[in-house]
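Step one of this worksheet: look at the structure below.
The values are calculated or read from the model by the stated rules, or taken from the named source; none is laboratory data. Everything quoted here is computed from the prediction, not taken from an experiment. Counting neighbours? That spans all protein chains shown, and the Cβs are built from the backbone with ideal geometry, glycine included.
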Amino acid sequence: MKYFCPEESRTKTGFLRYFEDLRYFAKSNRNNPTEAEKLFWLRLKKYKYTFLRQKPIYRFIVDFYCSKLLLVIEIDGGYHHKQIGYDKGREELLYKIGIKTVRFENDNVIKNIDKVFEELDEIIKEREKELK
C-alpha cells in the first residue's frame, strides 16, 4: 500500500499544513536541543535522506521529519511516560495522513547510538518497501 498525504493536509504549494504560531516554538527548540537530540542530529544530517529538525505538522512539532519517507522520528525523554495517551493520539493522526512515527528513548540514543541507527536503517528499508 502506498502512503501519501491527502490534498487537504497540504497548502496550495504542497507543504504540510501547520499552525503558524508553532514556527517560533520550533525555532526555539532547534536552538535548544536536548543532549540526545544533538547527538542524533549530528549523525542523522549525514544520512542518505534529508531530515528536518523540529518540524511543525498541524498542531504538533516533531523532532525529526523526512518528507520523502513520510517518517517522523521522536527522541523521548522521561516526561513522555506521563503523556502516553497524547503521544498515541498524535501518532494516530499522523498515520491517518500517511506519516509513520518511530520513537527512541533519550538514554538509548546517548548510550547506544550505533544500535539506534542500525534499527533506524531497518525501519527505513521497511518504509521504502511500503512506499513503493
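Any idea which of (1) surrounded by fewer than 12 Cβ atoms within 10 Å (Cβ to Cβ); (2) at pLDDT 80 or above; (3) not polar (S, T, N, Q) is the one residue 84 doesn't satisfy?
The one condition residue 84 does not meet is (2).
All but one of (1) part of a helix (DSSP H, G or I); (2) charged (D, E, K, R); (3) at pLDDT below 85 hold for residue 12, so report the exception by its number.
(1)
Return the residues of the range 106-130 that are of a type in the set (A, V, I, L, M) and within 16 Å of the chain's Cα centre (by Cα); say none if nothing qualifies.
If the condition is that a residue be of a type in the set (A, V, I, L, M) and within 16 Å of the chain's Cα centre (by Cα), then 109, 116, 120, 123, 124 are the ones that fit.
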